[in-house]
Amino acid sequence: MIVCVGEILADMIGEEKNGCMLYEQKAGGAPFNVACAAKKFGAKVAFVGSVGDDIVGNRLIAFAKERGFDGRYINRSKSKNTTLAFVSIDASGERSFCFFRKNTADAFIKNPSEKLLKSADIVHIGSLMLSTERGVAFIEKLVERARKYSAKISFDVNFRSDVFASESEAIKTYKKVLPLMDIVKFSEDEVDIFGNDYIDSSLKDKLVFITLGSKGSRWQYKGRSGCAPTVKVRCVDTTGAGDAFYAGVLTKLDKKDLSKFSDDEFNGILRFANVCGGLNTRGKGAIDCLPTIEEIEALLK
């Protein structure tokens, strides 16, 4: 089972019409997106997160119920509002974010139970928690607990400097927790931020996946590496494309021994994940346009 832990929030996708900004509310949050996608791609999935006791949180809980998760543990905070992410999309479908996240609910997640962690093959952790000392401590303790049951720990860098006091502080915090992980995903821009030298030296024993936009993606693991091209689709919105990609990766790694994968098998995972991410850009939002397994396999053929 893949247990996803982290932010669930509302993506407020903006569009200017007649001089006004109109916002369409969609379910979001990187680890929640991964959970929804992995479940649709055939994995057993549980999600752990937190929303506010408000109309946005109520809608997200109802949405999560419809995903058919194998475990759903969403805390409803009485004192915090649900987190919002305002999303702006340019003509090419690329997006930029602005977070409404001052003391909001996503940072106050309840600890997963021992029973849930014992059932996990992969524990996937969201990154927004790194913006608070409480969140960093939560992640460190969660990793320690999950390791007792031999779970693989997954992390998507999903770098958002605007939720930190400064970019330098963010990088310092990330570098504190990245070595704790087993599987890590970077975007090409995030590689530029952290540097290839850091990844090659500090994460050399980790399984690293890097999305490269129109150039596809690559993996590296203990001195080995490989790459695969992307697929061409008509892009409407790239929101959640990286999450769909990573859900494809984790679905293929679930219940598997990383040390036994050949280079060709890792390259095959990339091809599968590239299709997952590419097809998810066909419409607005991170979840509503997730492809089916049948669509993925048809394009792979």
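Scanning segment 231-267 for residues that are among the charged types (D, E, K, R), surrounded by 14 or more Cβ atoms within 10 Å (Cβ to Cβ) and closer than 30 Å to M12 by Cα yields D237, D243.
If the condition is being in contact with a strand residue (DSSP E or B) (Cβ under 6 Å, 6 or more places away or on another chain) and among the aromatic types (F, W, Y), then segment 185-216 contributes F186, F209. On the stretch given as segment 36-59, residues that are farther than 21 Å from I293 by Cβ and part of a helix (DSSP H, G or I) total 5.
All conditions in (1) exposed (fewer than 15 other Cβ atoms within 10 Å of the Cβ); (2) touching a Phe, Trp or Tyr at 6+ places or on another chain (Cβ under 6 Å) hold for E24, with the sole exception of (2).
Which residue is nearest to the chain's Cα centre (by Cα), if the candidates are limited to segment 254-301 and must be closer than 20 Å to F209 by Cα and in a loop (DSSP other than H, G, I, E, B)? The qualifying residue nearest to the chain's Cα centre (by Cα) is A286. Considering only residues in segment 3-27 that are in a loop (DSSP other than H, G, I, E, B) and in contact (Cβ under 8 Å) with a residue 12 or more places away in the chain, the one that is nearest to N111 (Cα to Cα) turns out to be G6. Flag not set for A62, criterion: within 18 Å of the chain's Cα centre (by Cα), modelled with pLDDT of 95 or more and not in a loop (DSSP other than H, G, I, E, B). The residue list D106, D90 contains one member that is surrounded by 19 or more Cβ atoms within 10 Å (Cβ to Cβ) and at pLDDT below 95, which is D106.
For segment 162-180, indicate whether the set of residues that are assigned to a loop (DSSP other than H, G, I, E, B), out of contact with any Pro (no Cβ under 6 Å at 6 or more places or on another chain) and surrounded by 18 or more Cβ atoms within 10 Å (Cβ to Cβ) is non-empty. Within segment 162-180, one or more residues are assigned to a loop (DSSP other than H, G, I, E, B), out of contact with any Pro (no Cβ under 6 Å at 6 or more places or on another chain) and surrounded by 18 or more Cβ atoms within 10 Å (Cβ to Cβ). Scanning segment 123-144 for residues that are hydrophobic (A, V, I, L, M, F, W, C), assigned to a helix (DSSP H, G or I) and over 12 Å from V177 (Cβ atoms) returns a single hit, L128.
The values are calculated or read from the model by the stated rules, or taken from the named source; none is laboratory data. Keep in mind it's a predicted model, so treat the numbers as computed, not measured. Positions of Cβ are generated from backbone atoms using ideal geometry, with glycine treated the same way; all protein chains shown enter the neighbour counts.
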